[in-house]
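What follows is one structure encoded as structure tokens, with my remarks underneath.
The values are calculated or read from the model by the stated rules, or taken from the named source; none is laboratory data. On a predicted model such as this, the values are computed, not experimentally measured, just so you know. A quick note on method: Cβ atoms are made from the backbone with ideal geometry, for glycine too, and the neighbour counts reach across all protein chains shown.
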Amino acid sequence: MNQRFILLILTTLQLSSLCLFGQESVTGRVVDKSGKPIDVAAVYINGTTLKTTTTDNGAFELKEVTFPCQLVVSHLGFETLKANLDGPPAMAMLLYMKDKDITLSEVSVEGKDKRKELLQSFRDNFLGWDTWGKGAALLNENVLTYQLTYNEDTTNASFSGDLRQLNLPRSIIDRSLVVKAKEPLQVDLPLLGYTLTVDLDYLSLIQTIPYYNHVTGLTMDRFEICRYLGSYSFKTKENVTKSKQRRYDRNRKDAYYNSTMHFGRSLLQKDLLKNGFLFLNKRKDPITNSNSYEWVNLDSCSRFDERGNLHIYGLAGKSFEIHYFGKANGSPVDMSKKQYSNPIEYAKRYNVYYNDINCSTIYFTNDTCIIRKNGTVPDSGISFGGKISNKKVGAILPDDYTPVEE
């Protein structure tokens with residue numbers, strides 16, 4: 001069987017935002033290494049619509065900020081600056097920006113056809129190849145740069161853990177692609193009613209040669225592992241008609257359901273069943289080769305901190321299955337109802353019929369992992385595969401998004 005498999009590694013594309021200590025203002029000045037003010041620098045809270053630009057003397061103010069959050073400062077010619085804020089600063093911030101290193105080891109990619117191929121690969125892995133990704137538009141794709149190398153020796157070492165996790169040897173690696181941006185990416189999300197500004201640090205992608213996996217018994221003719229890191233600022237489309245706004249609201253709900261944010265919030269609120277999720281550990285009997293399922297309970301290996309973030313311990317190298325049951329409109333089936341008194345057996349029957357189309361996998365790659373109070377994951381300690389990972393940047397929502405009740 002030929003199978004195309006994508007492992008989505010979540011990083012700091014989504015960070016924090018729900019209100020804990022109330023809303024406050026953040027003020028400060030942005031200067032270069034010599035103390036000279038930097039004007040027209042973009043200052044925003046990562047993953048939100050809160051954004052401003054610095055004045056002639058480098059000053060800025062952001063109002064109605066909720067904490068904890070990540071403050072991002074971006075300007076052409078300077079390295080993007082990020083500051084994690086647990087609460088409102090006691091005084092105005094003084095932020096120094098470093099000159100951007102222009103001697104990056106970028107390899108020129110020759111040929112119009114090759115650049116077109118790499119751009120499509122970037123689009124598929126960054127925006128997504130589903131309805132959301134195909135509907136999104138890169139407004140300034142010319143700012144992208146590509147570094148393409150071949151064979152296992154040139155592959156980013158950070159992928160080694162991913163290969164071990166999937167029981168794959170480095171010898172199967174065919175090529176490695178690193179994509180960066182010379183200036184912020186502009187992305188239009190017409191289905192969701194947002195325009196994104198993305199300060200892309202990098203997107204790294206490895207592709208393998210055809211490989212027969214003796215563990216799964218599957219032949220994979222194109223195996224890919226993708227990582228990306230960046231910061232996002234959302235701008236809501238303005239002056240839209242009521243009918244178009246209703247369409248945006250419906251689409252945003254559709255993008256939210258069975259997303260990593262939806263799962264994360266349901267896990268934190270201990271409402272997985274009510275939100276259509278089964279969180280299961282699958283075991284295979286070595287004698288009968290049959291599968292059995294048991295509930296995953298994280299109570300003994302997790303704790304909440306004072307801000308409502310969930311810290312998970314001791315699961316490095318482990319993976320579990322996530323099964324989502326949705327209605328025709330994508331909203332969750334309440335699996336806590338009586339007719340689903342044995343949801344595990346129901347899941348087995350359901351997924352045999354639907355060929356696992358709504359099955360996902362969660363991987364814990366670090367000994368300590370965090371899910372923030374708003375359901376987002378701040379680093380690569382947790383990653384997702386399967387159905388839930390298909391929603392990429394084309395389906396991204398602000399960190400403080402909540403579904404609108406009809």
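Couple of notes before you dig in:
- Qualifying residue in the stretch 280-303 (condition: among the charged types (D, E, K, R), within 26 Å of C69 (Cα to Cα), touching a His at 6+ places or on another chain (Cβ under 6 Å) and modelled with pLDDT of 90 or more): yes
- Those residues of the stretch 307-336 which are surrounded by 13 or more Cβ atoms within 10 Å (Cβ to Cβ) and of a type in the set (S, T, N, Q), in sequence order: N309, S319, S331, S336
- Single condition F263 does not satisfy, out of (1) exposed (fewer than 11 other Cβ atoms within 10 Å of the Cβ); (2) in contact with a strand residue (DSSP E or B) (Cβ under 7 Å, 6 or more places away or on another chain): (1)
- For the stretch 179-222, a residue qualifies if it is modelled with pLDDT of 90 or more and outside any strand (DSSP E or B), and the qualifying residues are K182, E183, P184, P190, L191, L192, G193.
- Residues (closer than 20 Å to T402 by Cα and either among the hydroxyl-bearing types (S, T, Y) or in contact with a His (Cβ under 7 Å, 6 or more places away or on another chain) (or both)) located in the stretch 44-71: T48, T49, T66
- Hits in the stretch 350-373 (condition: modelled with pLDDT of 90 or more and either aromatic (F, W, Y) or part of a loop (DSSP other than H, G, I, E, B) (or both)): Y363, F364, D367
- Residue within the stretch 242-249 that is modelled with pLDDT of 95 or more, among the small types (G, A, S) and under 30 Å from Q186 (Cβ atoms) present: yes
- Subset of the stretch 31-62 [of a type in the set (S, T, N, Q), under 25 Å from P378 (Cα atoms) and touching a Lys or Arg at 6+ places or on another chain (Cβ under 8 Å)]: N46, T49
- For G326, the conditions (1) among the small types (G, A, S); (2) out of contact with any strand residue (DSSP E or B) (no Cβ under 8 Å at 6 or more places or on another chain); (3) touching a residue at least 12 places away in the same chain (Cβ under 8 Å) are fulfilled apart from (2).
- The residues of the stretch 374-386 that are in a loop (DSSP other than H, G, I, E, B) and more than 16 Å from Y256 (Cα to Cα), listed by number, are P378, D379, S380, G381.
- Test for Q14: is it touching a Gly at 6+ places or on another chain (Cβ under 6 Å) and either closer than 19 Å to P378 by Cβ or modelled with pLDDT under 95 (or both): yes
- Among the numbered conditions (1) out of contact with any Ser or Thr (no Cβ under 7 Å at 6 or more places or on another chain); (2) farther than 19 Å from T376 by Cα; (3) surrounded by fewer than 16 Cβ atoms within 10 Å (Cβ to Cβ), the only one that F304 does not meet is (2).
- Selected residue [modelled with pLDDT under 95 and over 23 Å from the mean Cα position of the chain (by Cα)] from K36, K63: K63
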